[in-house]
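Down below is the structure, laid out as C-alpha cells.
The values are calculated or read from the model by the stated rules, or taken from the named source; none is laboratory data. None of the values given here were measured: they were computed from a predicted structure. Cβ sites come from the backbone with ideal geometry, for glycine too, and all protein chains shown count toward neighbours.
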Amino acid sequence: MAQDWDVVVVGAGVAGLAAARAAAEAGARTCVIDRMGPGGVLMNLSGLHDMPGSPNGIDYASALLDAAMAAGAELAIAEVTALTPGFQIATDDEAHSARAVVLAVGLGNGRLGLAEEDGYEGQGLSHCAACDGPLYAGARVVVAGHDRWAVQEALDLAATVEHVTLVTQGTEPHESAAALGTLPNAAIWPGRVAALAGTGGLDSVSVDGTALPARAIFVLAGRVAPLGFVADASAPGLFLAGDCAPTAVETVPAAEASGAAAGAAAAAFALGKPAG
Ligand SMILES: Cc1cc2nc3c(=O)[nH]c(=O)nc-3n(C[C@H](O)[C@H](O)[C@H](O)COP(=O)(O)OP(=O)(O)OC[C@H]3O[C@@H](n4cnc5c(N)ncnc54)[C@H](O)[C@@H]3O)c2cc1C
C-alpha cells in the first residue's frame, strides 16, 4: 500500500528542503523524495557566490536538511517515475500518495545534443568544475554555456588550467563574461560545439569547423527541468519551486524563498486552510 502524506516534495535541493521545512512547520505530514540524496546542485559548490560569508555548499545543504528534519519532515531516497493527479507518486522504490505536491526537481545536467556525448561522460565530459576541475590542472579545457554560472565555472577553472574557452552555444554570454576577457588564459567563442573527438578520453572539441585542443569539456548549456514524469502540471494542489519553475532566478536565495513559499502553500492546500 502507498505511504500516505499531506505533502510530498519531489527533489531535495535548496528549494525542496525549504519547501519540506515550511510544509512540516505548518503542520503537514511531509515527505521529501530525492533520487540522489539531499543537497542537489549545492553538493557541487565549494563556495556560494553572492551570499554572506560565501558558505560551502555541502554545509549549507546540511543545515537545510537539519532544519527540515527538525520540523518533522521525512526523507526518502528514490527516483519519482510518475506523478498522477490525486496525487499518486510512483518511484523506483515504494509508492506514495499525497494531497498536495511540490515539484522542486531543479534543472538536469547540461546537454550538447551530440550523438557521441554520452561516451565521453566521465572521460573528459563533466558538469562540475569544483568536482572534476582539479583533474585537469595545467590542461586546456572548454566550458559550454552562456549564463552566469557557466561564466563562473570558467573563471574558477582559469585559476588552475592552462587555458579555458567559454563556448557560448550561439547565445550572448552573461555580462560577467567580461572578466574572462581580462585573463591571459581565457577566451570566449560565440559558436556551438559540433563534435567531440579523442580515443580513450577527450582530445579536442570542434566548434564552427575549428578543432580546439581540450582534455575536458564542462557542459552547463542545455539544462532543462526533468518534468517528464508529471501527467498534469496544472493539477490543483501541485506547486513548482526553485530552478524548475518557469520564472526561476536560479540562485540559492531565490530557490530557498520559492521553496518556502511553495511548501507553505502546499500545506495550506492539503490541510484545507487559507494560504499565508
Ligand atoms: C555551476 C553552478 C554554480 C552555481 N553557483 C551558485 C552560487 O555561487 N550562488 C548561488 O546563489 N547560486 C548558484 N547556483 C545556482 C543554484 O545552485 C541553484 O539555483 C539552486 O541550487 C537550485 O536549487 P533547486 O533546489 O531548485 O534544484 P537542485 O539543486 O537542482 O535540486 C533538484 C533535486 O531534484 C532531484 N530530482 C530531480 N528529478 C527527480 C526525480 N524524478 N525524483 C527524485 N528526485 C529528483 C535531484 O536529484 C536534485 O537533488 C549555481 C548553479 C550552478 C549550475
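Annotations
- Look at (1) assigned to a loop (DSSP other than H, G, I, E, B); (2) farther than 30 Å from Thr247 by Cβ; (3) not β-branched (Val, Ile, Thr) and you find that Arg223 fails only one, number (2).
- Number of positions in segment 38-86 that are touching a residue at least 60 places away in the same chain (Cβ under 8 Å), closer than 23 Å to Ala150 by Cα and within 7 Å of the ligand (Cβ to nearest atom): 9
- Exactly one residue out of Ala260, Ala267, Ala235 is in contact with a Ser or Thr (Cβ under 9 Å, 6 or more places away or on another chain), assigned to a helix (DSSP H, G or I) and away from the ligand (no atom under 11 Å from the Cβ): that is Ala267.
- The condition (being in the same structural domain as Tyr136 (by TED's automatic domain parsing), over 30 Å from Gly53 (Cα atoms) and among the acidic types (Asp, Glu)) is satisfied by just one residue among Asp208, Asp232: Asp208.
- For segment 239-255, residues that are within 11 Å of the ligand (Cβ to nearest atom) and either surrounded by fewer than 22 Cβ atoms within 10 Å (Cβ to Cβ) or not in a helix (DSSP H, G or I) (or both) total 9.
- Some residue of segment 90-98 being in a loop (DSSP other than H, G, I, E, B) and at positive phi: no
- Residue count for segment 200-218 under the criterion of being within 18 Å of Asp118 (Cβ to Cβ) and either assigned to a loop (DSSP other than H, G, I, E, B) or modelled with pLDDT under 95 (or both): the result is 5.
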